[in-house]
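Step one of this worksheet: look at the structure below.
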Amino acid sequence: MELFLIQSQEHDFLPLAELNAVIESEGFNCNVKKLRSGLVIVDSINPNDFDYVYQRLTQRLAYTHQINHILLKTTLQDLDSRISTLDWNSIIESSFVVRVKTYDSDADVVAIERRMGGLILENSTNLKVNLTKPNITIRIIIYKDDVYLTCEEYILNKKYFQDFKPHKRPFFHPGCMSPKLARCMVNLSRIKTDQLLLDPFCGTGGMLIEGGLIGARVVGCDIDWNMKNGSAINCEYAGVKDFKTYKVDINELKMYELCDAVVTDPPYGISTTTGGRDSLIFKDFLISIKRNMKDDALLVMASPHFVDIDQFLEEIGFEVLERYEIRMHKSLTRIISVIAQIN
Ligand SMILES: C[S@@+](CC[C@H](N)C(=O)[O-])C[C@H]1O[C@@H](n2cnc3c(N)ncnc32)[C@H](O)[C@@H]1O
């Protein structure tokens with residue numbers, strides 16, 4: 001069975017990297033095929049696993065806008081006749097809307113939406129069109145000459161990433177990361193349900209919230225009491241169930257349980273404090289964190305373009321697996337690195 005993902009085009013590589021990381025960490029058996037920027041097909045999903053795979057991708061992904069179940073693939077010429085081959089009463093509960101999206105095609109969106117709505121009604125009984133609150137959206141995705149007839153069974157919570165901005169949380173401090181990027185970094189760490197995720201520079205708790213919401217146990221540390229307490233307040237507010245926060249300097253970090261993943265945004269002295277150690281804090285951090293990670297744990301970290309973390313990595317026993325650049329503004333590009341340990 002197959003899913004059609006419509007992904008964000010705000011970054012060239014992150015949306016696909018995030019998808020691959022989630023598939024890997026969840027152990028899903030499937031193929032990922034990129035059609036073009038923003039359009040991805042996940043196929044060869046075992047029918048017994050399909051519902052779970054669909055739900056879990058919908059719960060976890062940040063840089064994906066929609067996930068649609070592919071009912072059939074056809075051409076514009078054959079679309080009308082293929083409509084009658086599907087059992088619409090088993091796909092739609094009571095009401096539906098047809099939405100058409102085109103990519104590299106000049107097909108007439110409005111005309112197709114109207115015609116397909118009519119054909120579905122003709123080939124079913126007791127269904128209704130509801131343009132504002134349908135039970136299900138039938139989405140027709142036209143890419144060049146290919147037409148994918150799909151339905152959206154699980155809806156991604158895009159509103160969460162758009163509206164639940166850090167300044168709307170009970171505890172706010174400038175310099176915190178957007179929930180979208182924080183979720184993506186958590187996903188890049190390949191963390192699994194019930195595993196232990198650590199952010200040793202937890203600030204307002206952005207990483208902890210995103211890790212917690214996808215089912216990880218999360219621990220946050222910060223040198224600042226306000227951050228230690230504030231991140232706990234934010235976790236509680238976001239509905240994270242299994243979290244702990246501590247006031248700890250990175251140099252003194254000693255976890256009772258080694259963690260399964262570290263996801264963090266270390267301070268670099270622009271809007272956050274480094275405790276007076278500036279870029280050397282990255283070296284202190286890498287030395288200290290290695291002692292607190294399981295051998296196969298990954299480290300996903302953000303760093304500013306002007307700090308060269310590579311000078312420390314090999315010496316301390318790390319290697320970069322993946323790296324992405326995000327231009328924040330004129331004077332800051334954020335580098336996101338996925339780092340493994342050399343054991
Ligand atoms: C860039 S902020 C983290 C922001 C966080 N990702 C968020 O969503 O709010 C870095 C944090 O590191 C903390 N910090 C600075 N020096 C530290 C140290 N030596 N040990 C532990 N935490 C430290 C700061 O108090 C700050 O809260």
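For Leu71, are the conditions met, namely being without any contact (Cβ under 8 Å) to a residue 40 or more places away in the chain, touching a strand residue (DSSP E or B) at 6+ places or on another chain (Cβ under 8 Å) and under 30 Å from Lys180 (Cα atoms)? Spelling it out, it is not the case that Leu71 is without any contact (Cβ under 8 Å) to a residue 40 or more places away in the chain, touching a strand residue (DSSP E or B) at 6+ places or on another chain (Cβ under 8 Å) and under 30 Å from Lys180 (Cα atoms). Of all the listed residues (Leu3, Leu57, Leu19), the sole one being in contact with a Cys (Cβ under 9 Å, 6 or more places away or on another chain) and surrounded by 21 or more Cβ atoms within 10 Å (Cβ to Cβ) is Leu3. Got a number for residues in segment 247-261 being surrounded by 15 or more Cβ atoms within 10 Å (Cβ to Cβ) and more than 9 Å from the ligand (Cβ to nearest atom)? Result for segment 247-261: 4.
Scan segment 1-60 for residues that are without any contact (Cβ under 8 Å) to a residue 12 or more places away in the chain and part of a loop (DSSP other than H, G, I, E, B) and jot them down.
Of everything in segment 1-60, those that are without any contact (Cβ under 8 Å) to a residue 12 or more places away in the chain and part of a loop (DSSP other than H, G, I, E, B) turn out to be Gly27, Asn48.
For segment 126-141, the set of residues classified as in contact with a Phe, Trp or Tyr (Cβ under 9 Å, 6 or more places away or on another chain) and not hydrophobic (A, V, I, L, M, F, W, C) consists of Lys128, Asn130, Pro134, Asn135, Thr137, Arg139, listed by residue number. Has segment 85-93 got at least one residue that is in contact with an Asp or Glu (Cβ under 8 Å, 6 or more places away or on another chain) and closer than 19 Å to Tyr148 by Cα? The answer is no, given that none of the residues of segment 85-93 is in contact with an Asp or Glu (Cβ under 8 Å, 6 or more places away or on another chain) and closer than 19 Å to Tyr148 by Cα. Every condition in (1) closer than 28 Å to Leu16 by Cα; (2) away from the ligand (no atom under 13 Å from the Cβ) is met by Lys241 except one, and the failing one is (1).
Yes/no per residue for (1) at pLDDT 95 or above; (2) closer than 28 Å to Asp194 by Cβ; (3) of a type in the set (A, V, I, L, M, F, W, C):
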| site | (1), (2), (3) |
| --- | --- |
| Leu3 | yes, yes, yes |
| Leu14 | yes, yes, yes |
| Leu35 | yes, no, yes |
| Asn46 | yes, yes, no |
| Tyr52 | yes, yes, no |
| Leu61 | yes, yes, yes |
| Ile67 | yes, yes, yes |
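Being within 26 Å of Leu313 (Cβ to Cβ) and either among the aromatic types (Phe, Trp, Tyr) or at pLDDT below 95 (or both) is a property that Pro267 has.
The values are calculated or read from the model by the stated rules, or taken from the named source; none is laboratory data. Not measured: the values here are computed from a predicted model. Glycine gets a Cβ as well: all are built from the backbone with ideal geometry, and neighbour counts include every protein chain shown.
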